[in-house]
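Read the structure below first, then the notes.
The values are calculated or read from the model by the stated rules, or taken from the named source; none is laboratory data. Note that the structure is predicted; figures quoted are calculated from it, not measured. Cβ coordinates were reconstructed from backbone atoms using ideal geometry, including for glycine residues, and neighbour counts include every protein chain displayed.
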Amino acid sequence: MEAPTRPVCSQKPLRQKMSQAAEAFPVEPLHPWLTQVLLPFWAETGFDPENGAFVEKFEPDGTPSTADFTRVRVQARQIYVFSHAAHAGYSGVGLARARQAFDFLEAHAWDREAGGWFQRLRRDGPPLDRTKDSYDHAFMLLAMAWLYRAGGDARVLKRAEQTIEFLDAHLGQTRDGAFDGYAEWEVAPGEALPLPRRQNPHMHLLEAFLALYEASGAERWLAQAQRIFGLFERHFFDATSGQLIEYFDRDWREIPQPEGPGGRRRREPGHHFEWVWLLHRYAGLAQDDRAAAAMRPLFDWAWDKGIDRAGAAPFVVYEELDPAGRVLGGGSKRLWAQTEAVKACLAVYERFGDDSAAEGAGLLLGGLFRTFAGLDHPRWREQVDREGNLIREGMPSSSLYHLFLAVAEAIRVLPAAEDS
């Protein structure tokens, strides 16, 4: 993506919200860690050569899980990672691994009769759950976009076209003749729309459509992205508060989660940050200033409310807040939210030329590598409590997607920030 022009940033610089306890993380070790530690581990120990697919997860003792299932979204995310890694020159075996996993999914997860992708398979391939989920289809589209971009196989792009045809026909919703988003999963004709409706699968569909547009140059994919951005403007983004709404009823009215008397409206800083990075990409590709304008309110709210600056593990992102910015869930923190915050800082730096945002990315990388990961090994901690103690053991393979992309973006962007 070409670097955007940088308008003068009218908002206050982020330095006013930096932590005194946090320390910036040097960018120089990231490239050797990514190419010599993280990716080789996942290409070898994280790959099941017997079945030609990636390992679903690692157990608390560090061994690959022997549970007899894999989720299609996990395979799709790993295909994305290794296709991107191959395209960027980070992995010599990346494209081969991605192609093996895609062949595994094509053989077992694609519904040859009705179209669409099943949700869960046995480790050797037979379907366990034939549900067709919009979230899973988003990641299949992302995987195919990058696999096509890395390898140029027209068959992959054709399957992506068939996937969106299925998605529009079987999960697409209309209201008064206009596009109204996608259902969470496919239901039989006449059945009620699955609730709650969520912004999350639509966010990842935007990511996939942008990737397909970049990979193919076909305007149809940008048009699909524009439809998702329309939902963001109408329903997901509360411009008054600068907040992202997560859960909705069938008419896109916010509903608390979990439902019932104790239900609360939730805000996830990680998703605020994730949208900031996507809006940056969308604004550049679609030449849409409205998307760029929405970046700062979203970012500023999550930056102000969503980061623990005073805890035992400084400069890490909370998992959940309420609309007033009060911490929910005991102050737990997950790996993926840290990576999305890094990406958002990098996007704000690229879009607005805010040097303090690049500084913020360095501080967040410091929090990530102190609390969740380490440069001397390829493992990570998935979830910790407010004090940084582990509360979720094991290592789901699905998080590699988040970690890889944040590090790849830091490698791409931060040297320019240091030289500026």
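Things worth noting here:
- Failed item in (1) over 27 Å from residue 297 (Cβ atoms); (2) surrounded by 16 or more Cβ atoms within 10 Å (Cβ to Cβ); (3) not assigned by TED's automatic domain parsing to the domain that holds residue 77, with residue 186 passing the rest: (3)
- Breaking point among (1) out of contact with any Asp or Glu (no Cβ under 9 Å at 6 or more places or on another chain); (2) in contact (Cβ under 8 Å) with a residue 60 or more places away in the chain; (3) within 27 Å of residue 193 (Cβ to Cβ), for residue 71: (1)
- Qualifying residue in the stretch 365-377 (condition: free of Cβ contacts under 8 Å to residues at least 24 places away in the same chain and basic (Lys, Arg)): no
- Subset of the stretch 193-204 (residues that are farther than 18 Å from residue 268 by Cβ and touching a residue at least 12 places away in the same chain (Cβ under 8 Å)): 193, 195
- Test: residue in the stretch 98-111 that is in contact (Cβ under 8 Å) with a residue 24 or more places away in the chain and under 19 Å from the mean Cα position of the chain (by Cα): yes
- Per-region count, the stretch 371-410, residues under 18 Å from the mean Cα position of the chain (by Cα) and either outside the structural domain of residue 314 (by TED's automatic domain parsing) or in a helix (DSSP H, G or I) (or both): 14
- Residue match in the stretch 114-135 (condition: in contact with a strand residue (DSSP E or B) (Cβ under 9 Å, 6 or more places away or on another chain), in a helix (DSSP H, G or I), crowded, with 22+ Cβ neighbours inside 10 Å and at pLDDT 95 or above): yes
- Answer from 167, 210, 206 - the residue that is touching a His at 6+ places or on another chain (Cβ under 8 Å) and crowded, with 21+ Cβ neighbours inside 10 Å: 167
- Test for residue 143: is it crowded, with 24+ Cβ neighbours inside 10 Å and over 17 Å from residue 405 (Cβ atoms): no
- The single residue among 206, 231, 210, 167 that is more than 19 Å from the chain's Cα centre (by Cα), within 30 Å of residue 110 (Cβ to Cβ) and not basic (Lys, Arg) turns out to be 167.
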